[in-house]
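Scroll down for the structure; my scribbles are underneath it.
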Amino acid sequence: MKNIFIKNKKVKKRGFTLVETLVAIGILSLSILAAFTAVQNGLHSSLVAKDQVIAFYMTQEAMEFIKNIRDENALMSLDGTSVSWLHGLAESAGDPCYFGKTCIIDSPLKIATACSGSFGSCPVLRQDSTSGLYGYTSGWNETNIKREIQFESINSSEIMVTVRMSWNTGVFTQDFQVTQSVFNRQ
């Protein structure tokens, strides 16, 4: 604050000094930075949530596919065709999802395929840009989501199915697995 004399009268001139201006600019900069950080965190959280929702639906799709195969095998038994309830999945050591193997399920093509090793060895899912379907068709766009399935024999009428989902969001790898018992309905 400066004192100015006009015709022998002391007048106080009000205004900001350089220090006050720098403090105001600093406070304004911090508030803008905080807003940008909040927006950035919100966008990152929405990307993580989007990938989680896709992974949850892909897990559900795999479980429904397995139950559908089981039910189709039960219907074939009603027609007089003698098939195991695990026919096409884990009936014999040559089947793609036989106990201890890791496999993938391509729902649009309605096939199961064995992977080359244990968890972590399967390819990533692909997505058709036109229909939005997910599968393993070579012409589709690669996603960052991997779905792997393993069967474990509990007894002759029950298996334990484990579906493991993993994906990358930025530099972070996310994953979860769902385990469910599937029973023979024949």
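Readers should treat all values here as calculations from the given coordinates under stated rules, not as data from a laboratory. This structure is a prediction, so every number in the text was calculated from the model and none was measured. No Cβ is skipped: glycine too gets one built from the backbone with ideal geometry, and neighbour counts run over all protein chains shown.
Using the Karplus relation 6.51 cos²θ - 1.76 cosθ + 1.60 with θ = phi - 60°, the per-residue 3J(HN,Hα) values for the stretch 121-136 come to 9, 7, x, 6, 5, 10, 10, 6, 5, 7, 8, x, 5, 10, x, 10 Hz, with x marking Gly and Pro. Calculated FRET efficiency, residue 128 to residue 154, Cβ-Cβ distance, R0 = 41 Å: about 0.70 to the nearest 0.05. Measuring nothing but how far apart in sequence close Cα pairs (under 8 Å, 6+ apart) lie, relative to its length, the stretch 18-183 scores a relative contact order of 15 percent. Relative to the longest principal axis of the chain, what angle (0 to 90°, nearest 10) does the C-alpha long axis of helix 18-78 take? Here the helix axis deviates by roughly 10 degrees. Summed over qualifying helices (DSSP H, 4 residues or more, each -39500 (n - 2.57)) and divided by its residue number, the chain shows a 222 nm mean residue ellipticity of -12500 deg cm²/dmol. Note on residue 110: aspartates and glutamates with a C-alpha under 13 Å away, same-chain residues under 8 apart excluded, are 61, 64, 72.
Projecting label points 7 angstrom from Cα along Cα→Cβ for residue 56 and residue 179 puts them 2.2 nm apart. Among (1) 19.6; (2) 17.5; (3) 20.8, only one was calculated for this model; which label is it, if the read-out is Kirkwood radius over Cα pairs in Å? It is the one labelled (3).
If R0 is taken as 30 Å, the Cβ-Cβ distance between residue 171 and residue 113 corresponds to a FRET efficiency of 0.50.
Nearest 0.05, what FRET efficiency do residue 99 and residue 141 give at R0 = 45 Å with Cβ-Cβ as r? So the FRET efficiency works out to roughly 0.85.
3J(HN,Hα) along the stretch 162-169: 10, 10, 10, 10, 9, 7, 10, 10 Hz, from the Karplus curve 6.51 cos²θ - 1.76 cosθ + 1.60 with θ = phi - 60°, whole Hz, x for Gly and Pro.
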